[in-house]
């Protein structure tokens, strides 16, 4: 099986999948899609044949392409069950997916490129940053309370799950938009723990082949 | 097992779960949460104990609450595997989840209440409707192409899946925002097929206990 990930170093959704691939020790190639260059390479007709939504990530598995980070991760979990990134019981798995979707449906889509471009165009750059910060903080307020109740060393107990693959990249976004973590001690603690984990280092934006050297430094 | 669904008749995310519950023939009670009344009952301190994100749906299973429609549906699939709402192979399941997430992360969050309220406040009602229409049409353009390649009688082949539970409520939203389906013949066809399905009739907004009688008529 040959896997190619269409990825942008800074895309939090791409990072989720890179983290899962790395945690499972799966080999893959990266095909970089620069969301900024040439007006956005994801908008090219060629790339829209890969991902109809003109977004990253997309995972090409042999001749089939899967898009949407969580569907890719569920697929990886099914074809490569060990190490598992989901807990043992149905109810526990539901809570992990809940964390993923609070981020993946409740936070990230509201601060993604297309929304921010719309606000910047209509209301200016300051309003754009204000909005991004607002939606992330609102989401983190909910997440913090949820994580107080279910986290151990990681988001859900003491094993790394999908939820961690979603949380760490969202924290990276949060920091880019000036959100400080003081009010979110559990989120901050989990971030500090995972910062040194090999899979999160390997999948970090700074360590991607398409990360410009001035950002890397 | 006692299940209570916190639901709003018109919420597309609630409808997804109502459809899944109905397709699986599971008994549940509805606890109505009116997103408009009293400035939004989902914002009450009591409800935020149920759903920290102050959104519907939420499914209470005995003493545990699960939020986020897709995590609830994956849970239902796990505890009640028949009739299955996912196809047989990992790759096929990935495609079904991809359709769900194109809607659940790529379309619906961009036209949900909080975003529309923000745009209405800052730019007026006309811009709000224009935005909602734009994001739904953009998503439907991608979905239509995807469905041409994978649909049969329903979104994915000839069995009803999670994808149908996501699509039908999103079409309902689309129509509310003035999107016409002429450009999306596959979406229109699937909608017409499912319109007469018992589970989609039972879970339809008009047939909910909290649907006002003037809307029902």
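Read-outs: derived from the displayed coordinates by stated rules, not from any lab. All figures in this text were calculated on a predicted structure; none of them were measured in a lab. Cβ placement follows ideal geometry from the backbone for every residue including glycine, while neighbour counts extend to all protein chains displayed.
Shortest first, residue A:25 label-point distances to identical copies amount to 4.4 nm, with the label point at 7 Å from Cα along Cα→Cβ. Using every Cα-Cα pair within region A:3-83, state what percent have a distance larger than 19 Å. Value for region A:3-83: 30 percent of Cα pairs lie more than 19 Å apart. Provide the percentage of antiparallel DSSP beta bridges, counting only those with both residues in region A:3-83; round to the nearest 5. Around 65 percent antiparallel, to the nearest 5. Each Cα pair under 8 Å and six or more residues apart adds its sequence gap; the mean of these over the residue count of chain A is a relative contact order of 25 percent. For the protein assembly as shown, the fraction of alpha-carbon pairs lying more than 42 Å apart is 8 percent, rounded to a whole number. The antiparallel fraction among DSSP beta bridges confined to the protein assembly as shown stands at about 60%.
Which FRET efficiency value, to the nearest 0.05, do you get for residue A:133 and residue A:213 by plugging their Cβ-Cβ distance into 1/(1 + (r/R0)^6) with R0 = 22 Å? Walk me through the numbers before you get to the answer.
On the way: r = 29 Å, r/R0 = 1.30.
So, using R0 = 22 Å, E works out to roughly 0.15.
Report summary: the helix-based calculation at 222 nm, which adds -39500 (n - 2.57) for every DSSP H run with n ≥ 4 and divides by the residues of chain A, gives -16500 deg cm²/dmol. Any idea how far the Cα center of region B:159-209 sits from the one of region A:146-175, in Å? A separation of 35 Å, based on Cα centres. Distances between copies of residue B:84, taken at a point 7 Å out from Cα along the Cα→Cβ vector and listed shortest first: 1.9 nm. Return the FRET efficiency for the residue pair residue A:149, residue A:125: r is the Cβ-Cβ distance, R0 is 35 Å, and the value is rounded to the nearest 0.05. Once rounded, the FRET efficiency stands at 0.40.
Please average, across the residues of B:60-72, the number of beta carbons from any other chain that are within 10 Å of each residue's own beta carbon, and give a whole number.
On the way: counts 0, 3, 1, 0, 4, 3, 6, 10, 11, 2, 9, 12, 4.
Going residue by residue through B:60-72 and averaging, the value is 5.
Arranged from fewest to most other beta-carbon atoms within 10 Å of their beta carbon, B:1, B:53 become B:1, B:53. Across the identical copies, the label point of residue A:209 (7 Å from Cα in the Cβ direction) is separated from its matches by 5.8 nm, in order from shortest.
For region B:3-83, what does the relative contact order come out to in percent, with C-alpha contacts under 8 Å and a separation of six or more? Before the final figure, lay out each step's value.
On the way: 108 pairs, mean separation 28.8, N = 81.
After rounding, I find 36 percent.
Each Cα pair under 8 Å and six or more residues apart adds its sequence gap; the mean of these over the residue count of region A:90-200 is a relative contact order of 29 percent.
Spatially, region B:17-90 and region B:98-121 are offset by 18 Å when compared through their Cα centroids.
Antiparallel DSSP bridges in chain B: what percent, to the nearest 5?
Values: 8 of 13 bridges.
Taking every DSSP beta bridge within chain B, about 60 percent pair in antiparallel fashion.
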